[in-house]
Amino acid sequence: MARPKNEQRKSLTEAETLVMNVLWDLESATVHSVLETLNDVQSKDYAYTTVSTILRVLEKKGFVESQKQGRGHIYLPLMKKSEYQEQATQILVNSVFSGERTALIRNLLGDAKLTEEELAEVKALLHSKSSMS
């Protein structure tokens, strides 16, 4: 029995995340263009078959769709990057930090060496959240 789409989209492996980041940047891509981009930005060379397999797995998981184009396929993300970031963060908060968002924030800021710009951005985010309540 097939799982509902939401259930299929729980999380991505490290390799799947790399491929999705390429797709989110390119908006649509062939296996070859994903392969070229990955090999340009990563310190290792991926095989065509590896990237093709990852894209097919992502399609089965409901993260991408493919459209036939000539002898190949064009792959398109079905979820925005921001939506996945939100979902992945919620999974992280629930599974690692027992649902405590402040524990995640504490951990992120723990030993972090923030630039003045990053610190100002964090303060602005906190200020906007506090003025919303």
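Read the figures in this text as sums done on the coordinates, not as results from a lab. Model, not experiment: these values are computed from the prediction. All Cβ positions, glycine included, derive from the backbone under ideal geometry; neighbour counts span all protein chains shown.
Assorted remarks:
- Among Ser52, Ser43, the ranking by other beta carbons within 10 Å of each residue's beta carbon, starting with the fewest, stands as Ser43, Ser52.
- Among (1) 7.6; (2) 11.5; (3) 9.3, the entry derived from the coordinates for mean projected area of the Cα convex hull in nm²: (2)
- Label sites at Arg101 and Ser131, each approximated as a point 7 angstrom past Cα along Cα to Cβ, lie 1.8 nm apart.
- Cut-off under 5 Å, modelled amide H: who pairs with Thr30 long-range: Tyr75
- 14 Å tail of the calculated P(r), region 81-132, as % of Cα pairs: 65 percent
- For region 68-133, with +1 on Lys and Arg beta carbons and -1 on Asp and Glu, the positive-most of Leu119, Thr89, Leu109 along the dipole: Thr89
- In this Cβ point-charge picture (+1 for Lys and Arg, -1 for Asp and Glu), the chain has a dipole of about 640 debye about its Cα centre.
- If only the Cβ of Lys and Arg carry +1 and only the Cβ of Asp and Glu carry -1, the dipole of region 67-109 around its Cα centre is close to 260 debye.
- Region 42-56 - phi-based ³J(HN,Hα) in whole Hz, Karplus 6.51/-1.76/1.60, Gly and Pro as x: 9, 8, 10, 9, 8, 7, 4, 5, 5, 5, 4, 5, 4, 5, 5
- If you wrap the tightest convex hull around every Cα atom of region 12-77 and split its volume per residue, you get 74 Å³.
- Under 5 Å between amide hydrogens, built in the peptide plane, is the criterion, and for Glu100 it picks out nothing among residues at least 5 positions away or on other chains.
- Net charge dipole, region 12-77: roughly 340 debye, given to the nearest 20, about the Cα centre with Cβ charges of +1 for Lys and Arg and -1 for Asp and Glu.
- For region 23-40, putting each phi into the Karplus relation 6.51 cos²θ - 1.76 cosθ + 1.60 with θ = phi - 60° gives couplings of 4, 5, 5, 7, 6, 7, 6, 8, 4, 4, 5, 5, 4, 4, 5, 4, 5, 6 Hz, in residue order, rounded to whole numbers and with x for Gly and Pro.
- For region 12-77, relative contact order (Cα pairs under 8 Å, six or more residues apart, normalised by length) works out to 38 percent.
- Under-5 Å amide H pairs with Glu65, H placed in peptide plane, nonlocal only: Leu76, Leu78
- The HN-Hα couplings worked out from phi for region 118-125 by the Karplus form 6.51 cos²θ - 1.76 cosθ + 1.60 (θ = phi - 60°) are 5, 4, 4, 5, 4, 4, 5, 5 Hz, whole numbers, x standing for Gly and Pro.
- Only DSSP H runs of four or more residues enter the estimate; each adds -39500 (n - 2.57), and after division by the residues of the chain the mean residue ellipticity at 222 nm equals -19500 deg cm²/dmol.
- Ranked for footprinting exposure by Cβ neighbours inside 10 Å, fewest first, Ile74, Ile91, Ile54 give Ile91, Ile74, Ile54.
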